[in-house]
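The structure appears below as structure tokens.
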Amino acid sequence: MSLATLLLPLILGGSPQVSIKVPPAFVSGLPYEVEIEVVAPASGATIAEWMLSPAALTVDGAPFPVARSNKELALPGGFKVVGKVDLSKVEGFRPNRDFSLALAKELSIAAPTQVSYVEAAPAGLDFMAMPVAELKNWNVLFITTSGPMRFELWPDVAPEHARNWLDLAYTSFYDGVKFHRCIKGFMIQGGDPNTKDKDPSTWGQGNGPRMLKSEFSKTVKHVRGVLSMARQGHPNYARDPDNDPKKDTASCQFFVCHAEASSLDGGYTAFGKLLEGYDVLDKIANAPGTQNPGVGGGVRPNPPQVIERALVVKAAPKQEGSK
């Protein structure tokens with residue numbers, strides 16, 4: 001969420017602190033909740049009710065298409081009031097492209113927040129049967145406790161891993177799953193359905209509805225932001241992954257590289273990359289927590305870092321490079 005803070009003149013009293021929180025992505029067919037917060041000064045204040053409604057906002061610089069209420073609301077000194085408005089339910093607001101949101105011009109000169117329009121995949125798709133050439137038309141969007149992350153998939157590199165991941169996101173398999181193993185400067189790992197349970201003793205051991213044949217690449221590098229599939233591995237085959245008897249044990253658990261990890265090249269199936277949300281990647285990689293027991297180590301974030309919802313969305317325009 002982006003946060004814009006400003007001071008507003010009120011009808012009566014001093015100037016309270018007002019802030020808005022704007023989600024960076026509007027997903028078609030889903031709620032889109034904007035938060036408006038007003039904190040009164042020590043002397044108290046009286047505000048207009050419309051300041052806590054969609055009427056307080058502008059869209060692309062134009063007033064929001066709703067009427068303003070002239071009723072007043074008295075706030076005691078230091079009192080905080082929060083208005084949460086689901087703009088997806090406001091009649092007349094049906095965006096079909098990127099847009100900007102800000103507080104009304106007479107209330108603020110603060111810069112607007114840019115919002116990406118995202119079109120969710122329609123019902124009835126079958127990614128397990130979809131032609132490989134069509135898989136590139138879809139991205140996966142994670143809504144996490146630390147913010148949104150958007151990934152492109154590479155069906156030209158690893159077609160079966162790409163379709164598997166799209167299917168798992170589309171069928172809500174990842175909803176509620178945690179990032180259970182995070183190593184700053186290396187990677188963040190998630191996707192295990194066992195992490196939906198409170199007992200962490202089996203975290204990292206879960207699988208999905210299918211096992212995958214390895215699709216190792218000799219040319220794709222594990223650099224920052226690369227999405228790759230976790231798997232079991234035999235220590236005697238660390239330098240010979242093609243002959244590892246455990247090379248085909250990938251299923252649903254994945255990791256996102258926090259930094260370059262060349263030791264994984266050619267031995268793990270990279271199948272996509274983070275497009276948006278590198279700040280979220282950093283937050284999760286640096287999250288506090290407890291040490292994971294056993295081989296591999298890493299931190300188990302606490303408070304948990306959760307994939308609240310995974311969505312398949314239409315692919316974003318091709319972006320250059322990576323971070």
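Counting Lys +1, Arg +1, Asp -1, Glu -1, what net charge surrounds Lys178 among other residues with beta carbon under 15 Å of its beta carbon? Around Lys178, the charge tally is +1. Taking amide H atoms as placed 1.01 Å from N in the peptide plane, the amide H of Ala25 lies under 5 Å from those of Ser116, each 5 or more residues away in sequence or on another chain. Between His234 and Thr290, the modelled labels are 3.4 nm apart [label points 7 Å from Cα along Cα→Cβ].
In order along segment 209-220, phi translates into HN-Hα couplings of x, 8, 9, 10, 6, 4, 10, 5, 10, 7, 10, 6 Hz, rounded to whole numbers, per the Karplus curve 6.51 cos²θ - 1.76 cosθ + 1.60 with θ = phi - 60° and x for Gly and Pro. Note that segment 2-118 carries a Kirkwood radius of 14.5 Å, evaluated over its alpha carbons pair by pair.
When all alpha carbon pairs of segment 98-215 are counted in 10 Å bins from zero, the resulting P(r) reads 11, 33, 31, 16, 8, 2 %.
The convex hull defined by the C-alpha atoms of segment 176-216 has an orientation-averaged projected area of 4.0 nm². Relative contact order of segment 2-118: 29 percent, from C-alpha pairs under 8 Å at least 6 residues apart in sequence. Distance between the modelled labels on Asp282 and Asp126, one decimal in nanometres: 4.4 nm (7 Å Cα→Cβ projection). Each residue of segment 88-99 was assigned a 3J(HN,Hα) from its phi angle through the Karplus curve 6.51 cos²θ - 1.76 cosθ + 1.60 (θ = phi - 60°); the sequence is 5, 9, 7, 4, x, 10, 9, x, 9, 7, 4, 8 Hz, with glycine and proline shown as x.
Using the Karplus relation 6.51 cos²θ - 1.76 cosθ + 1.60 with θ = phi - 60°, the per-residue 3J(HN,Hα) values for segment 135-141 come to 5, 5, 7, 10, 10, 10, 10 Hz, with x marking Gly and Pro.
The fraction of Cα-Cα pairs per 10 angstrom bin, counted from 0 for segment 217-298, comes to 16, 45, 32, 6 percent, rounded to whole percents. Split the chain at each of the GluC sites (Glu not before Pro) in a DSSP loop with at most 14 other beta carbon atoms within 10 Å, and the longest piece is 120-319. For segment 132-314, the Kirkwood hydrodynamic radius comes to 16.2 Å, computed from all pairs of different C-alpha atoms. The Cα-based radius of gyration and maximum Cα-Cα distance (Dmax) for the chain are 23.0, 76 Å. Considering only Gly289, Gly225, Gly190, the mean-square fluctuation computed in a Gaussian network model of the chain, springs between alpha carbons under 10 angstrom, is largest for Gly289.
Taking Cα atoms only, the orientation of helix 159-170 departs from the longest principal axis of the chain by about 40 degrees.
Among the trypsin sites (Lys or Arg not before Pro) in segment 200-256, those located in a DSSP loop and surrounded by at most 15 other Cβ atoms within 10 Å of their own Cβ are Arg210, Lys213, Lys218, Lys221, Arg239, Lys246. Three principal axis extents describe the C-alpha atoms of segment 100-139; from largest down they are 53, 18, 8 Å.
Under the criterion of Cα pairs below 8 Å and six or more residues apart, the relative contact order for the chain equals 17 percent.
Neighbours of Asn70, meaning other residues whose beta-carbon lies under 15 angstrom from its beta-carbon, give a summed charge of -1 when Lys and Arg score +1 and Asp and Glu score -1.
Values quoted throughout were computed directly from the atomic coordinates according to the rules given, and no laboratory measurement underlies them. Computed from a prediction, not measured in an experiment: that's the story for all the values here. Ideal geometry is used to build each Cβ from the backbone, glycine not excepted, and the neighbour counts take in all protein chains shown.
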